[in-house]
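I have placed the structure first, in the form of structure tokens, so that the comments after it can refer back to it.
The values are calculated or read from the model by the stated rules, or taken from the named source; none is laboratory data. Keep in mind it's a predicted model, so treat the numbers as computed, not measured. Cβ placement follows ideal geometry from the backbone for every residue including glycine, while neighbour counts extend to all protein chains displayed. Only protein heavy atoms, including side chains, enter the accessible area calculation; ligands, DNA and RNA are left aside. Shrake-Rupley method; radii C 1.70, N 1.55, O 1.52, S 1.80 Å.
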Amino acid sequence: MHVTEEGLALIRRFEGFRGVAYRCPAGVWTIGYGHSSAAGPPEVRPGMRITEAEARAILARDVERFAAGVRGALTRELAPAQFSALVSFAFNVGIGAFRGSSVLAAVNAGDFAAVPDRLQRWVKADGRVLPGLERRRKAEAELFASPGAQAKRTGWLAALFRFLAARWEKKS
């Protein structure tokens, strides 16, 4: 599973590019497309500056770290769009929160229909609903439930049913 260009674009759009280090609402030094030192190198410090090209390279490394964390938590095969939506979510809330989320629980239970709604519950910071988080979760929910994701899942289920039917016929 890999993050699609659509998934990367979603992350870039909601994180936004900042070429000069700033403190995010949580007080963490951040730069580029939402990069903080917690995600790995480079260490973000006051006064730091980067170009957009550098930010895209850092984002690619950060996204791969989060993708690996999401992959390691999944027990189900997903379509690329579904996986991308989950990586965007984890990128925003953190891998620890993702692993303990009802979003992951629904995915691993195979309850894909519940995932968009569960994503859209994660819209608060410091107990307040943030419009930016509402927009991001809606976009992630739409990506997870996109027609391409549905077709892939349907194709996978159809293949499973064909396999089971063939096995059943052999036993009969």
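Numbers at a glance
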| item | result |
| --- | --- |
| Quotient of Cα Rg and 2.2 N^0.38 Å for segment 19-89, N being how many residues it contains | 1.24 |
| Solvent-accessible surface ranking, highest first, for Thr51, Thr30, Thr75, Thr4 at 1.4 angstrom | Thr75, Thr51, Thr4, Thr30 |
| DSSP-assigned coil residues among trypsin sites (Lys or Arg not before Pro) in segment 90-146, each with at most 13 further Cβ atoms within 10 Å | Arg121 |
| Separation of the Ala60 and Lys138 label points, Cα + 7 Å toward Cβ, nm | 3.3 nm |
| Point-charge dipole on Cβ atoms (K/R +1, D/E -1) for the chain, about Cα centre, debye to 20 | 300 debye |
| Listed residue (Ala26, Leu74, Val93) projecting farthest to the positive dipole end of the chain, Cβ model | Leu74 |
| Surface accessible to a 1.4 Å probe, per residue, for the residues of the chain, Å² | 55 Å² |
| Net dipole in debye of segment 1-69 [+1 Lys, Arg Cβ; -1 Asp, Glu Cβ; about Cα centre; nearest 20] | 260 debye |
| Charge sum, other residues only, whose C-beta stays under 11 Å from Arg137's C-beta, Lys/Arg counted +1 and Asp/Glu -1 | +2 |
| 5 Å binning of all Cα-Cα separations within segment 15-55, expressed as whole percents from 0 upward | 6, 29, 38, 24, 3, 0 |
| Simple label model, 7 Å out from Cα along Cβ direction - Arg45 to Arg76, nm | 4.5 nm |
| Pairwise centroid distance, computed over Cα atoms, of segment 76-148 with segment 1-72, Å | 18 Å |
| Mean Kyte hydropathy of -0.5 or more with a Cα span along the axis of at least 30 Å, helices from DSSP in the chain | 52-73, 147-171 |
| Reciprocal mean inverse distance between Cα atoms of segment 57-108 - Kirkwood radius, Å | 10.9 Å |
